[in-house]
1. Out of all the residues in the stretch B:140-162, which are assigned to a loop (DSSP other than H, G, I, E, B) and without any contact (Cβ under 8 Å) to a residue 40 or more places away in the chain?
2. Quick check, is B:Leu152 closer than 18 Å to B:Ala186 by Cα and more than 14 Å from chain A (Cβ to nearest Cβ)?
3. Inside the stretch A:226-259, can you point out the residues that are assigned to a loop (DSSP other than H, G, I, E, B) and within 14 Å of another protein chain (Cβ to nearest Cβ)?
4. From the residues in the stretch B:94-133 that are among the β-branched types (Val, Ile, Thr) and more than 18 Å from the chain's Cα centre (by Cα), which one is nearest to the other protein chains (Cβ to nearest Cβ)?
5. What number goes with the only condition from (1) surrounded by fewer than 20 Cβ atoms within 10 Å (Cβ to Cβ); (2) within 23 Å of the chain's Cα centre (by Cα) that B:Glu136 does not pass?
6. Could you tell me how many of the residues in the stretch B:185-240 are of a type outside the set (A, V, I, L, M, F, W, C) and either farther than 22 Å from B:Gly55 by Cα or assigned to a helix (DSSP H, G or I) (or both)?
7. Can you find, within the stretch A:123-143, the residue that is surrounded by the most Cβ atoms within 10 Å (Cβ to Cβ) among those that are among the small types (Gly, Ala, Ser) and within 14 Å of chain B (Cβ to nearest Cβ)?
8. How many residues does the stretch B:36-86 contain that are in a loop (DSSP other than H, G, I, E, B), in contact (Cβ under 8 Å) with a residue 24 or more places away in the chain and not aliphatic (A, V, I, L, M)?
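Where a number appears in this text, it was derived from the coordinates with a stated rule and is not lab data. Model, not experiment: these values are computed from the prediction. Positions of Cβ are backbone-derived with ideal geometry, glycine not excepted, and every protein chain shown enters the neighbour counts.
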Amino acid sequence: MNMVSNKKRIKNLLSFFHSTGMNDFNEKVMKVLLFGCGVFSILITVGIIISLFSEAIAFFARPEVNLFTFFTGTTWRPLSSNIVPENFGVRPLIRGTLMIAIMSGAIAIPLGLGSAIYLSEYASDRVRNIIKPLLEILAGIPTVVYGYFALSFITPLLKTVLEENLGIDVNFFNALSASIVVGVMIIPMVASISEDAMRAVPRSLREGAYALGATKFEVSTKIVVPAALSGIIAAFILGISRAIGETMAVSIAAGSTPRMTMNPLDSVQTMTSFIVQVSFGDAPSGSINGQSIFAVGATLFAMTFIMNIISQTFIKRFREAYD
Amino acid sequence: MEANILPSVKTQNEEIILSTKNASFFYHDKTAVKNVTLNIKKNKITSFIGPSGCGKSTLLRSFNRMNDLIPGASVEGDVYYKDQNLYKSSIDPVKIRQQVGMVFQKPNPFPKSIYENIAFGPKINQFQGNMDELVESCLMKAALWDEVKDKLNESAYALSGGQQQRLCIARALAVFPDVLLMDEPASALDPIATLRIEDLMNDLKEEYTIVVVTHNMQQASRVSDYTAFMSIDRDRIDERIGVLVEYDETIKIFTNPKNKETEDYITGRFG
């Protein structure tokens, strides 16, 4: 009895929603709400870009700095009391950033590609179903934990191996230690995107190669990897661009000494760790220090933005390949 | 069982290149094909016909161990290439596949140039000779040379479906196989391209043994010397177990089949 009346009530309710007038109204409300969600995220992004670039422009408008020495100068001493353009050369920061990005890429690209080949071509479904989630957990570890790991494990290890046994000076804060953890941090991303690209290579291509007497290794490296190459390159670029933008682990492990060095065992400062350093200090807003982080941030934004666009083009090319 | 009928051997000097003895094929626990015994003759075209799901492709793919690539696939009984028992543990399937080549249902050229498609197999097999000559001769044999000789460095994807399939045949020839397995090689092609593939098969049988799976009975009757009719085991129809019903010269299968089921299928009463 109760069931029946419940059913009736639900039926009434449904017919209420389904009555054309109500339906139309709901549709309109939902449309506006969803549109709002979309617009909201776009507005926030636009706001960030505006605030970033307006402060950066204000920085470059100052008489104490100029755009040319900013991009060509080799000394970055923004906190010095001697405020001259020569102290605002961003190249040490860019070099520190690129050094860590390249070294971490040198770690993450081969390991990430290797694990992608393993997962896509060699692993059984069962093994893949265990390893892939594990890899993704690795991607979920907070980056500050990686930084701490670098300081408490990698750096002491480097000191034992290089300094005590080989007599090579290792700075307590050094680019190599930071690069190793950043490299490990971006392996899951490189592996996961590369694996997706490789799995998208049609099975028929693999069979065609096997039927010619190719071994599994030849099929993987000579057919699957080249066929998925644009997706794999996109994974590399996204990984590197993540390394460029990485902040916490690098600030902790590489220190904060802006320096034009090629020695990975020296302390360096990256663009992101400079921003952290100033943000944590008490640089008043509107001061030259406060504004310098926006100039650095805008440069960083431009770098990662360009890299992401390049990787998008690669992904698009890759999508077209088998249509 | 009636399923294991050997073709009547007329001339003793016809050499047998592939054969199975009581071979059964399984995917996990499911029996796909049961108890097949047949001999395939050298430099002839043998076609496998029969309704969908009766295991024609499974049987075909056992001759170069392509079934190994499917997880859960297993074999009982014996499959021979010449005098080698293909499923013996000492056999390297990679070596077998160089001798028993394969052409697939859907053309599957590599996303490389036409030239590189042909050169891929010889390269991985450490071919020492003149690659340009080999590429040319394979494309000639596959009746594709004239159409592509001016664009060898263009992508294979720029070719039409029929051209792509002939490229795949040329590619298979480049590793010097004895046998070509063809799994419905013309089913994705238009009638004109289909005829060209059939002509090509006829030319190729001078040098190669061809085994072809086809759904097209006209095709089987046009191109093949021998025909194997496969079907579902009627006694255990729910399990869909493939069996070999009749195997004989094509002309006999199509004009005077011994088995009622073959006749029904040939005349279009089922399948």
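1. Of everything in the stretch B:140-162, those that are assigned to a loop (DSSP other than H, G, I, E, B) and without any contact (Cβ under 8 Å) to a residue 40 or more places away in the chain turn out to be B:Leu144, B:Lys149, B:Asp150, B:Lys151, B:Leu152, B:Ser160.
2. When the stated conditions are applied, B:Leu152 does not pass them.
3. Filtering the stretch A:226-259 down to residues assigned to a loop (DSSP other than H, G, I, E, B) leaves A:228, A:246-247, A:255-259.
Selection gives A:Ala228 alone.
4. The initial filter retains those residues of the stretch B:94-133 that are among the β-branched types (Val, Ile, Thr), namely B:94, B:96, B:100, B:103, B:114, B:118, B:124.
Add one more test, that the residue is more than 18 Å from the chain's Cα centre (by Cα), and what stays is B:114, B:118, B:124.
Values: B:Ile114: 14, B:Ile118: 10, B:Ile124: 5 Å.
Within the stretch B:94-133, the match that is nearest to the other protein chains (Cβ to nearest Cβ) is B:Ile124.
5. It fails just one condition, (2).
6. Of all residues in the stretch B:185-240, those of a type outside the set (A, V, I, L, M, F, W, C) come to B:185, B:187, B:190-191, B:194, B:196, B:198-199, B:202-203, B:205-209, B:214-216, B:218-219, B:221-222, B:224-227, B:231, B:233-236, B:238-240.
In the following step, the residues that additionally are either farther than 22 Å from B:Gly55 by Cα or assigned to a helix (DSSP H, G or I) (or both) were identified as B:190-191, B:194, B:196, B:198-199, B:202-203, B:205-208, B:218-219, B:221-222, B:234-236, B:238-239.
Number satisfying all stated conditions: 21.
7. If we filter the stretch A:123-143 for residues that are among the small types (Gly, Ala, Ser), which is where we start, we get A:123-124, A:139-140.
If we keep only those that are within 14 Å of chain B (Cβ to nearest Cβ) too, we end up with A:123-124.
Values: A:Ala123: 17, A:Ser124: 9.
The extreme case among them is A:Ala123.
8. Restricting attention to the stretch B:36-86, the residues satisfying the condition of being in a loop (DSSP other than H, G, I, E, B) are B:42-44, B:50-55, B:63-65, B:70-72, B:82-83, B:86.
With in contact (Cβ under 8 Å) with a residue 24 or more places away in the chain added as a condition, the list becomes B:42-44, B:50-55, B:63-65, B:70, B:72, B:82, B:86.
Keeping just the survivors that are not aliphatic (A, V, I, L, M) gives B:42-44, B:50-55, B:63-65, B:72, B:82.
Number satisfying all stated conditions: 14.
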